[in-house]
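Note sheet for the following structure.
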Amino acid sequence: FLATGPLHLHLLGCSERGHSFLAATRKLRTLPLVGNYSRIHSILKRRYGAGTPLHALAEQMLRQELAATRLYTLLMQRWDGGSRNRDFFEPLIQGHPCQAHLTLFDGVKGSC
């Protein structure tokens, strides 16, 4: 993984300003930016070509990231149940970046 670097970017949340920046720089990105993981497989297939070695590596990286997410949810103090594949189901966090950070890492909404 280290030799190739990341093959996709996982967006967890952004502010209004960040959203505007992402929209303005959309055509300049060299890696796919994924906010909704329900479409990740088709995005990777279109970007790297189905069955190519790079596509297989991207899928392997995705499996590792999802496994890490499931492990992380086991450590959450306030797990509300449901699927441990939260990357597929949780909407993009919008608002103040610090609030998004606290929501993701503490499992509860917070503020700076």
For this session: Take the Cα of residue 76, step 7 Å along the line toward its Cβ, and report every residue of the range 15-38 whose backbone nitrogen sits under 18 Å from that point.
Result: 35-38
Exercise. Can you list residues whose amide H is under 5 Å from residue 10's amide H, if they're 5+ apart or on another chain and H is modeled 1.01 Å from N?
Worked result: 34
For this session: Ignoring everything but the protein chains, give the 1.4 Å probe accessible area of residue 41 in square angstrom, nearest 10.
Result: 90
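The values are calculated or read from the model by the stated rules, or taken from the named source; none is laboratory data. Being a predicted model, the structure only gives us computed values, none of them experimental. Here the Cβ is made from the backbone with ideal geometry for all residues, glycine too, and neighbour counts use every protein chain on show. To get the accessible areas, we keep the full protein, side chains included, count just its heavy atoms, and leave off ligands, DNA and RNA. Shrake-Rupley method; radii C 1.70, N 1.55, O 1.52, S 1.80 Å.
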